[in-house]
DNA sequence: GAGTCGTGGAA
DNA sequence: TTTCCAAGACT
């Protein structure tokens, strides 16, 4: 173990964040490891998602489905509905595929990176994270935190993603044979709490002394990233048809693509010049506009509403929370317009 | 390798 | 208001 690793672990022993899916360092040092199911579930939820956003979803999932066998046996729609609002819905579809693959095997998660990588939704980062955190394998995690910490520690000025393999090599050299799971969590905690993207707290960093970016006064500028393309604006029409009993016309979106597999309201395509596409003949009236921004475009939806005497095929009573956020916004805007009519 | 794929909070 | 971006994976 290098001095750097030892200093980081000493810092982690004192400053580790308490998180619902985590076994604290004191217990890990006594030989207690977390449930691989909980580690895996948390890592999938945490992909490109903040800890604060994940916490309530993690609580709900582990309450509803305490084991991987429970999750594997759950109906698709229940799981997709429970995931609604968390984003990146391919994660939820792959979550179920993965749980079912594990349950169809011996019921246990693989304890190696290669074995984990073979499962749906588990890529290089998540495989390393589960191997290290759940099984204390000497695996090197490389997420956004680790990239940032390594870029600063070694003053790597080449922009991402070109520098990724260099950063991975730096991270691998620091990964200790002892306590690799705590090391992985420690680097990420350091990145999340001290070596933060905008204003790093270098003054209290355990790696303050060896950090080259800090010495050069460029810590806050690293890692550099190539400029991103501007987001275009897309337009669309979306329709809320509501029966007297409160049922609304909904659809399950196709498995692939944006909001795949999620519940939605019917509507037009989303483009520069969409054609209106009412799902049924009715007295549609304007109920305002909903704006929403996705990863690579801005969306403005014209919401149209109509009250219909009776429902029919596709009409269901649906709680707002069952929709992905953009659909939830449209649904609530439409409901408000119907109320004031 | 470059695009696709969500969301909400912070600055 | 706009931009950035958070424990990435998949195609």
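The values are calculated or read from the model by the stated rules, or taken from the named source; none is laboratory data. Remember, it's a predicted structure, so these values are computed and weren't measured experimentally. Counting neighbours? That spans all protein chains shown, and the Cβs are built from the backbone with ideal geometry, glycine included.
Among the residues of segment A:100-122, those identified as surrounded by 20 or more Cβ atoms within 10 Å (Cβ to Cβ) and more than 13 Å from DNA strand C (Cβ to nearest atom) are A:102, A:109, A:110. Consider segment A:131-155. How many of its residues are under 28 Å from residue A:224 (Cα atoms) and either near DNA strand C (Cβ under 9 Å from one of its atoms) or surrounded by fewer than 22 Cβ atoms within 10 Å (Cβ to Cβ) (or both)? So the count comes out to 10. Candidates in segment A:48-90 are the residues that are more than 16 Å from DNA strand C (Cβ to nearest atom) and part of a loop (DSSP other than H, G, I, E, B); of these, the one that is surrounded by the most Cβ atoms within 10 Å (Cβ to Cβ) is A:84. Taking each residue of segment A:194-208 that is within 12 Å of residue A:149 (Cβ to Cβ) and looking for partners that are away from DNA strand B (no atom under 14 Å from the Cβ) and modelled with pLDDT under 95 with beta-carbon atoms closer than 8 Å, six or more apart or interchain, yields A:207/A:4.
Just one residue in the set A:1, A:45, A:80 is in contact with a strand residue (DSSP E or B) (Cβ under 9 Å, 6 or more places away or on another chain) and in contact (Cβ under 8 Å) with a residue 24 or more places away in the chain; that residue is A:80. Checked against (1) within 12 Å of DNA strand C (Cβ to nearest atom); (2) under 19 Å from residue A:221 (Cβ atoms); (3) surrounded by fewer than 21 Cβ atoms within 10 Å (Cβ to Cβ), residue A:200 passes all but condition (3).
Only residues that are in contact with a helix residue (DSSP H, G or I) (Cβ under 8 Å, 6 or more places away or on another chain) and closer than 14 Å to residue A:326 by Cβ were counted in segment A:295-307, giving 3. Considering (1) under 30 Å from residue A:94 (Cβ atoms); (2) buried (at least 16 other Cβ atoms within 10 Å of the Cβ); (3) within 16 Å of DNA strand B (Cβ to nearest atom), the lone condition that residue A:249 does not fulfil carries the number (3).
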